[in-house]
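*Asks:* Have a look at this one before I ask anything.
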Amino acid sequence: MSAAADIAKRSLHRLPPGGILSRVRIPVSVLYYLLAAVVAILVLYPVVILFAASVVTGQPGAWGEFTLAGYKPWLGAWDMMPILANSVIFAASRLAIGLVFALLFAWAVARTDVPFRRTMLLLIPVPFFTPDLLTGISWLMLGNPQNGLINQFATYLLGIKGPVIDLYGWGGLIFHSSLSTISLIFLMLVGFFYSMDSSYEEASVTLGASKYRTVFTITFPMLSPAILSISVLIFASGLDSFENPLLFGNPGGVFVFANEIYRMLSYRHPPQYSAATALSVILILIMFSLIWLQWRKLGGRRFTVISGKGYRPNRIALPGPVRWGIFAVFVVYFTLAIVIPLVQIVASSFFPIFGMYNLENITLDNWRNVMNNRRAMTGITNTILFSSAAAVGAVIISGLIGYVRVRTRHWLGRQLELLAWLPWALPGIVMGLALLWAWALPPPPFNLYGTALVIIIGFVVKGLPLGTATMQAAIHQVSGELEESSRVHGGSWLKTAWLIMLPLMRRGVLATFVIVFALAARDLTIPLLLYRGGTETLTVAMLYYYEEGMMSTLSVVAVIQLAMVFALLGLERLTRGRDQRD
Amino acid sequence: MPDVVLEKVRKRFGELTAVDGIDLRVTDGEMVTLLGPSGCGKTTTLRMIAGLEVPDDGRIGIGDLAVYDRAKALNVAPELRNLGMVFQSYAIWPHMTVAENVAYPLRMRRVARSESRRLVDGVLAQVGLAGLGDTPATNLSGGQQQRVALARALVFEPQVLLLDEPLSNLDAKLREHMRFELRIMQRRLGVTALYVTHDQEEALTLSDRVVVMSAGRIEQMGTPTEIYERPATRFVAEFIGKANFLDVEAIATAPDGGAEVPLETSRGRAVICVPAEQVRARDGAANGGGSLFIRPEKIRIEAGGTALLDGEQRIQGEILGRAYLGDHNEYLIGIRDGVDVRVPAPVEKDWAEGTPVDLAINRKDIFLYT
């Protein structure tokens, strides 16, 4: 046992006999304050600067004088009323359409015997993960009034003069943005339908109500707190939406907050910074009140229907025509949301001239051209680099936030979580503008105006809310004793993080990485306002090609983006599947 | 092996005082149990010794070294305290093999690989898991995981072994078996051990000394026999073992300093004499009522009027009911309306319901709590 005694002695050596280690001790809470400072600089600082910048005459990097001119359209005059009205109409109609179809799908998949339920459960979320910019451009290639493919076919084949379909303006805007909204609401709702105890519905049927009546008297009312809560969030996300108003609204003269802010900055000379910034502040205030409403009035309410016991999947048997009718609705939906736009964009990437889809013309020239195109390659490289860097950054920061929140009783935990969720209430275009102001302000070397770093920071901030949620869940899954056991048996906190926490959280870490990467790789607003020559991303390049009418190049780049996003999502699903088998 | 010393250690969680200034000394090689209901502060105390909770006040020493001292603003990190600990959930790392789990403390201490392997094999043999080193830790049964946790806590010969309800997740049979095994292992290694449990049987069978805690304070500290036979407070009497309490009002002081307690029964009045050393007066005052406490097995049932042995006291009662428990009967005996005691008796003696009986109790087994 002399060896063991030797180890014991060696251990004793590490004990500070009241020496240096024990006296010069940094309290752990100093690290928490440091973390809070970093998060505040990332998240809070740009918002504060944005508020300040809304009352000056200058532009990012040069403040100018105090002025209230930006708010003039809101003070007395009603110049901004159309923007407000358009925004509300847009957000409300997309919410209404989204709710109708999402409720139908969620109810059918979770509670009834509709055919191909598992396929539907797998495929309905896909449109949400497919970038709106991509499907939107693809649909516009088909349905723009001048040379949309559908209109060309109608003219040549059927001899119809004038466009049969016109996606510019309100019609296209609401049509296309509803497609991904249905998918998103379904994702948020379907869990509630699954976990609802079916005995409530059975009781209703026993008492003489029909199946359909039960849906409206029992099922939906019981879920109404969840539905209401989600509705507020979806309405808010409608105000956030940028790509759809830009693509469909601009050419049709429909302006909501997001594309109006962008118009003030990009299509006016000189750019109207104070008007755009003031408009951004108004939008933030609206978003904050919506989120506040959702938290205060609805968020605190318990959804009593979600009992802890496993649900009994007592499915409602529907008559044949209804079952297949619902399935047909799904097929139409999926065709419009995914099949048509993706087939179109993939096809056009293999033909030299957009629309001339003759099999003899099939070619790889577009792909070769893109490989030699500096702008495209820079975009691809930048997107991969920026998104990866942002994903790593977000994993680390949200991991630390999650740790303080979940594992310590420190009061900062709650504040950090709130800060991490703040970007949730910031529309992308507003965040871009806020970052532009904020990082053009400090003196070098902290002046990040026009650098890649400012775009990466933007992606990190955008990824924080979902990143923190996933990392928190991952930390929750690792029992505190696994960590404490390492500490007691000699592992420092760094070794514990590296040898115990990280391996046990690998699935959550990977999920967070993928989510943040996917959010960043598809984001248009942040790089659009922050890029300078050399820091364009893939999405910025896509918009450029679209506006220049370079459809073949655009298609190739779009397919590459799509492949990137889906490959990562697939990777995440794959590792999840393997872990579950273990 | 060093002592563990706690001086006026205090810990609050918000409004709640979890540990309310306790003093405790665990001497070299001793096995001490912290026993109490949930929320009494026993686990918090153990976690403060491990360094997993930071006390608000007081001093904790392991050997001659202070690991926490409020006055000197000293708090040594858990990994520098050189302790072994077995957790309630075992806390076996699922991404490592058995051997990797057990070798972890050695790895942290930079022990050479060959040496480490030798020590791990040795300790695995000691806990009866020889040859299972390469098994993934998740493939083990609950009992085996328990042994891995123990092996990991012992492999580096720590100064002190801490155990936090280590047996509570095992089934009853295995728990009884492991109890003995733990005790034998602790004796053999001579390691100082602190054991937290809410299970009184575990505490009584395992420990050299038991510390009964309630609401963040120490109620009594003593050997298992002391705790069971001479509970210091009504709480200890009630918490450990079975107890009969008889509420009494007027209490007179006897010439020898003991108490003379009049007890109304339905068949007359008895005066119970409690020796001075068995009167546990709160705040020194013996007036204003209290409770007599007698362990059920210290009561003998006799037919009415039987002569008693020397030093025994008589309380008259009546059989109210009987429960057959296999190896013995348990009787419910009425003293007067609404007041009754439970008494075990051998199955050979059968008392019918309604029989008037005398209860014989040795004076040394009667306690008075005020």
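The values are calculated or read from the model by the stated rules, or taken from the named source; none is laboratory data. Quick caveat: nothing in here was measured; it's all calculated off a predicted structure. When we count neighbours, we look across all protein chains shown, and the Cβ atoms used for this are built from the backbone with ideal geometry, even at glycine. When the accessible area is computed, the model is the full protein with side chains, heavy atoms only, and any ligands, DNA or RNA have been set aside. Shrake-Rupley method; radii C 1.70, N 1.55, O 1.52, S 1.80 Å.
*Asks:* Return a whole-number percent for the relative contact order of segment A:325-399, with Cα pairs under 8 Å and 6 or more residues apart as the contact set.
*Replies:* Values: 26 pairs, mean separation 11.4, N = 75.
So the answer I get is 15 percent.
*Asks:* Can you give the FRET efficiency for A:Arg315 and A:Arg213, using 1/(1 + (r/R0)^6), R0 = 25 Å, r = Cβ-Cβ distance, to the nearest 0.05?
*Replies:* Details: r = 17 Å, r/R0 = 0.70.
Once rounded, the FRET efficiency stands at 0.90.
*Asks:* Let me ask you something else. What pairs in B:Lys42/B:Lys173; B:Lys11/B:Lys42; A:Lys462/A:Lys495; A:Lys495/B:Lys72; B:Lys173/B:Lys298; B:Lys242/B:Lys364 have C-alpha atoms more than 19 Å from each other? Display every interim value, and only then the final one.
*Replies:* Details: B:Lys42/B:Lys173 25 Å; B:Lys11/B:Lys42 11 Å; A:Lys462/A:Lys495 30 Å; A:Lys495/B:Lys72 28 Å; B:Lys173/B:Lys298 29 Å; B:Lys242/B:Lys364 17 Å.
Check vs 19 Å cut-off fails for B:Lys42/B:Lys173; A:Lys462/A:Lys495; A:Lys495/B:Lys72; B:Lys173/B:Lys298.
*Asks:* Then there is this: Need the full-extension length gain, A:Ala473 to A:Leu293, defined as separation in residues times 0.36 nm minus the C-alpha distance. One decimal, nm. Could the numbers behind the result be given before it?
*Replies:* Working: separation 180, 0.36 × 180 = 64.80 nm, distance 2.49 nm.
Here the answer is 62.3 nm.
*Asks:* Might you tell me the accessible area per residue for segment B:244-369, computed with a 1.4 Å probe and given in Å²? Numbers along the way, then the final one.
*Replies:* Working: 6430 Å² over 126 residues.
Using a 1.4 Å probe on heavy atoms only, each residue of segment B:244-369 averages 51 Å².
*Asks:* Which residues of segment A:487-505 end up with at least 30 Å² less accessible area in the presence of all protein chains than when their chain stands alone, using a 1.4 Å probe?
*Replies:* When all protein chains are present, A:Arg487, A:Val488, A:His489, A:Gly490, A:Lys495, A:Leu499, A:Ile500, A:Leu504 each give up 30 Å² or more of accessible surface.
*Asks:* Turning to a different aspect of this structure: Can you figure out the FRET efficiency of A:Ala37 with B:Ala215, using R₀ = 30 Å and their beta-carbon distance, to the nearest 0.05?
*Replies:* Values: r = 40 Å, r/R0 = 1.34.
After rounding, the FRET efficiency stands at 0.15.
*Asks:* If the elastic network links every pair of Cα atoms under 10 Å, which of B:Thr45, B:Thr355, B:Thr27 fluctuates the most in the Gaussian network model of chain B?
*Replies:* Taking springs between Cα atoms under 10 Å, the residue moving most is B:Thr355.
*Asks:* Related question: Which distance in Å, rounded to a whole number, links the C-alpha centroids of segment A:175-192 and segment B:59-83?
*Replies:* Here the two parts' Cα centres lie 56 Å apart.
*Asks:* Same structure again: Short version: ³J(HN,Hα) in whole Hz for each residue of segment A:500-506, in order, from phi by Karplus 6.51 cos²θ - 1.76 cosθ + 1.60 (θ = phi - 60°), x for Gly and Pro, what are they?
*Replies:* Once rounded to whole Hz, the list reads 10, 5, 4, x, 6, 9, 4.
*Asks:* Normalized C-alpha radius of gyration of chain B, against 2.2 N^0.38 Å?
*Replies:* Details: Rg = 25.2 Å, N = 370, 2.2 N^0.38 = 20.8 Å.
Compared with the compact-globule rule of thumb, chain B sits at 1.21.
*Asks:* Additional query: Over chain B, with a Gaussian network built from C-alpha contacts below 10 Å, which listed residue (B:Tyr228, B:Tyr68, B:Tyr331) shows the highest mean-square fluctuation?
*Replies:* B:Tyr331
*Asks:* Counting only protein heavy atoms and rolling a 1.4 Å probe, how much accessible area do B and A lose on contact, total for both sides, in Å² to 100?
*Replies:* Numbers: alone 17720 and 27850 Å², together 42070 Å².
So the buried area, both faces added, is about 3500 Å².
*Asks:* So for the pair B:Asp56, B:Arg269, with labels modelled 7 Å out along Cα→Cβ, what separation do we get in nm?
*Replies:* Once both label points are built, they end up 5.0 nm from each other.
*Asks:* Additional query: Could you list the residues of segment B:209-239 with an amide nitrogen less than 18 Å from a label point located 7 Å from the Cα of B:Glu277 in the Cα-to-C-beta direction?
*Replies:* Output list for this probe position: B:221-233.
*Asks:* Additional query: Quick one: P(r) of segment A:447-553 from all Cα-Cα pairs, 10 Å bins, percents rounded to integers, in order of increasing distance.
*Replies:* 14, 30, 24, 18, 10, 3, 0
*Asks:* Which residues does a label at B:Asp28 reach in segment B:48-75, if reach means a backbone N under 12 Å from a point 7 Å past the Cα toward the Cβ?
*Replies:* Correct set: B:63-64.
*Asks:* Turning to a different aspect of this structure: Any idea what log10 I(q)/I(0) is at q = 0.21, 0.22 Å⁻¹ for segment B:205-305, Debye with uniform C-alpha scatterers and no solvent?
*Replies:* Each listed q corresponds, in turn, to -1.21, -1.28.
*Asks:* Shifting gears a bit: Remind me, relative contact order of segment B:244-369 in percent, using alpha carbon pairs under 8 angstrom and six or more residues apart? Intermediate values should be presented prior to the final figure.
*Replies:* Working: 276 pairs, mean separation 39.3, N = 126.
Reported as a whole number, the value is 31 percent.
*Asks:* Give me the inter-chain shielding for B:292-304: mean count of other chain Cβ atoms within 10 Å, whole number please. Before the final figure, lay out the partial values.
*Replies:* Numbers: counts 0, 0, 0, 0, 0, 0, 0, 0, 0, 0, 0, 0, 0.
The shielding value for this peptide is 0.
*Asks:* In peptide B:63-73, what is the residue-averaged number of other protein chain Cβ atoms found within 10 Å of each Cβ? Don't jump to the answer; show the numbers that get you there.
*Replies:* Numbers: counts 2, 1, 6, 3, 3, 0, 2, 0, 0, 3, 4.
The shielding value for this peptide is 2.
*Asks:* Using a Förster distance of 25 angstrom, determine the FRET efficiency expected from the C-beta separation of A:Ile165 and A:Asn358, and round it to 0.05.
*Replies:* On the way: r = 23 Å, r/R0 = 0.90.
So, using R0 = 25 Å, E works out to roughly 0.65.
*Asks:* How big is the Rg/Rh ratio for segment B:244-369, C-alpha atoms only, Rh by Kirkwood, two decimals? Before the final figure, lay out the partial values.
*Replies:* On the way: Rg = 14.7 Å, Rh = 15.0 Å.
Dividing the radius of gyration by the Kirkwood radius yields 0.98.
*Asks:* What is the average number of partner chain Cβ atoms found within 10 Å of a Cβ in A:470-480?
*Replies:* Working: counts 0, 0, 0, 0, 0, 0, 0, 0, 2, 5, 4.
If you average over the peptide's residues, the count of other-chain Cβ atoms is 1.
*Asks:* With the full set of protein chains in place, find how many percent of the accessible area of the protein assembly as shown is carbon and sulfur; take the probe as 1.4 Å. Numbers along the way, then the final one.
*Replies:* Details: 25180 of 42070 Å².
Its accessible area is 60 percent carbon and sulfur atoms.
*Asks:* Can I ask one more? Evaluate the Kirkwood expression for the hydrodynamic radius of segment B:182-229, namely the inverse of the mean inverse distance over all pairs of different C-alpha atoms, and round to one decimal in Å. Provide the component values of the computation, followed by the final result.
*Replies:* Numbers: mean 1/r = 0.0869 Å⁻¹.
About 11.5 Å for segment B:182-229.
*Asks:* Now for a different question. Given a 1.4 angstrom probe, what's the average accessible area per residue across chain A, in square angstrom? Can you show the working numbers first?
*Replies:* Working: 26030 Å² over 582 residues.
Accessible surface, normalised per residue, equals 45 Å².
*Asks:* Continuing with this model, one more query. Roughly how far apart, in whole Å, are the Cα centres of segment A:145-165 and segment B:110-133?
*Replies:* Spelled out, the Cα-based centre of one part sits 80 Å from the other.
*Asks:* Mind telling me which of B:Leu124, B:Leu162, B:Leu308 comes out most flexible in a GNM of chain B, alpha-carbon contacts under 10 Å?
*Replies:* Among B:Leu124, B:Leu162, B:Leu308, the largest mean-square fluctuation in the Gaussian network model of chain B belongs to B:Leu308.
*Asks:* Determine how many Å³ per residue the convex hull of the Cα atoms of the protein assembly as shown encloses.
*Replies:* Details: hull volume 257.1 nm³, N = 952.
Convex hull of Cα atoms, per residue: 270 Å³.
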